[in-house]
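Read the structure below first, then the notes.
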Amino acid sequence: MEENKTETTELTELQQKIAEYEAQVKNLKSTLSERNSEAAQHRREAEEWKSKFESTMSEQELAESKRKAQEEATLKELAELKRDNTINKYKAKYLSMGYTEDMAQSSAEAKVDGNDDVLFQNESLFIQKNIENTKAELLKSQPSISSGKPIGAEEAQKIRDEKLRRYAGL
């Protein structure tokens, strides 16, 4: 019996909490609706003020305002184009030095933006890779160990032919 009482009490408490939450949700929804209405009203008022302001401007002032806005947009676009052009020039130089595509792009952007940390990091990586590549090429081109007498091109060819014959069983 006590279990039923505790379950009933818990159920009642939960129902009360649910009712409270539902009331809070309803209150929040009405507040949200009010705020949305206020925001829409403020937008309408702002548009009205803008149109009133523009209507009080003379045609000359209105034309001047539009011209300034157009000029600002043009200057912004010009600055972006100059930046892109500079980045492309630097990127081409980095590519000609042997940088990878990604590293050249990153380095060019860093140079234009004045981000020295990225620029130095990329240069360090480039130098390390060049050192590794140079070592690998030197090891590949290093002649094999001989018995002490220098091997000429003809002797090297004879040795290769002899190894090939032994391999082929001739």
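Quick note: the coordinates plus some simple rules give every number you see, no bench work behind them. The structure displayed is predicted, hence computed values, not measured ones. With ideal geometry, Cβ positions are generated from the backbone for all residues, glycine too; neighbour counts draw on all protein chains shown.
Helix 59-97 and the longest principal axis of the Cα set of the chain meet at an angle near 30°. Counting charges near Asn85 (Lys, Arg +1; Asp, Glu -1) among other residues having Cβ under 14 Å from its Cβ returns a value of +2.
For segment 25-82, the Kirkwood hydrodynamic radius from C-alpha pairs, put into Stokes-Einstein at 37 °C and a viscosity of 0.692 mPa s, yields a diffusion coefficient of 223 µm² per second. Pairs exceeding a 18 Å alpha-carbon distance, out of Lys91/Lys111; Lys82/Lys111; Lys140/Lys163: Lys140/Lys163. Normalised by 2.2 N^0.38 Å, with N the number of residues, the alpha-carbon radius of gyration of segment 74-139 equals 1.34. All C-alpha pair distances within the chain, sorted into 10 Å bins from zero, spread as 7, 12, 10, 9, 13, 14, 10, 9, 5, 9, 1 percent across the bins. Could you identify which residue out of Asn122, Asn36, Asn130 has the top mean-square fluctuation in a GNM of the chain using Cα springs shorter than 10 Å? Result: Asn36 has the largest fluctuation of those listed. Mean-square fluctuation check for the chain, GNM, Cα pairs under 10 Å: which of Ser124, Ser58, Ser30 is largest? Its mean-square fluctuation being the largest, the pick is Ser30. Over segment 13-56, the hull volume per residue, using the convex hull of the C-alpha atoms, is 26 Å³. Normalised by the number of residues in the chain, the average gap of Cα pairs under 8 Å and 6 or more apart makes the relative contact order 9 percent. Helix-only arithmetic for the chain: the sum of -39500 (n - 2.57) across DSSP H runs with n ≥ 4, divided by the residue total, places the mean residue ellipticity at 222 nm at -31500 deg cm²/dmol. Angle of helix 101-113 to the longest C-alpha principal axis of the chain, folded into 0 to 90 degrees and rounded to 10: 60°.
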